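Written below as structure tokens is the structure these notes are about.
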Amino acid sequence: MAVRKRENRLSILVLIKNDYYATIITYNMNWPQIIPLLLGIVGGAIGAYFQSLFQHKKQMKENEYAVKRQRYFCINLLLLAKVDLPNNLQFLLAQRSDLTTEELLDKEIEVEYFNSFIFASDKVILGLQKFINSPSYDTYYFVCNAMRNDLWGNKILLPEIKMNRATIER
């Protein structure tokens, strides 16, 4: 953008391509009138830049949330199957027909653990590690609580909600 002034005449030129200029404003003005105009143009450009930056960051956060949500639901299914394989095998096979043995399920949980280094919070990674070392409803509950906190920022606070197969009423 170039500003030229001749005999109280203002011309604001915009560089279009390879030294070709287009006049966007030609008006008889003096400097006290020119300064607010230039400030408005510069302020608009800065505002547009920051709006674009904000939109980009918002889109990145939405993409990150979608990936986390999808991965956490898959991890939840795998962990629940591992804790009580005989009762949950049919649900696991409906989603993942390739996981036919407990060894394959263990390998898949381990792969999800290593993949979680990319997207999960530290507490989720720690919970997955605890679950792999000691699969139980308590460690399952810990991982689910960490994933819930990571996704939505809240935790399960009621101690009686802890998953215990014996206390679940059918």
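Computed quantities for the displayed model
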| read-out | value |
| --- | --- |
| Flag if Leu89 is out of contact with any helix residue (DSSP H, G or I) (no Cβ under 6 Å at 6 or more places or on another chain) and open to solvent by 70 Å² or more (accessible area, probe 1.4 Å) | no |
| From the options Tyr140, Tyr65, residue that is touching a residue at least 60 places away in the same chain (Cβ under 8 Å) and surrounded by 18 or more Cβ atoms within 10 Å (Cβ to Cβ) | Tyr140 |
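Here's the yes/no breakdown for (1) modelled with pLDDT under 90; (2) out of contact with any Phe, Trp or Tyr (no Cβ under 7 Å at 6 or more places or on another chain):
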position: Glu103; (1), (2): no, yes
position: Asp106; (1), (2): no, yes
position: Val111; (1), (2): no, yes
position: Gly127; (1), (2): no, no
position: Tyr140; (1), (2): no, no
position: Arg165; (1), (2): yes, no
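The values are calculated or read from the model by the stated rules, or taken from the named source; none is laboratory data. Bear in mind that the values here come from a model prediction, so they are computed numbers and not experimental data. In this analysis, Cβ positions are derived from the backbone assuming ideal geometry, glycine residues included, and neighbour counts consider all displayed protein chains. Protein only, heavy atoms only, side chains kept; ligands, DNA and RNA dropped before computing areas. Shrake-Rupley method; radii C 1.70, N 1.55, O 1.52, S 1.80 Å.
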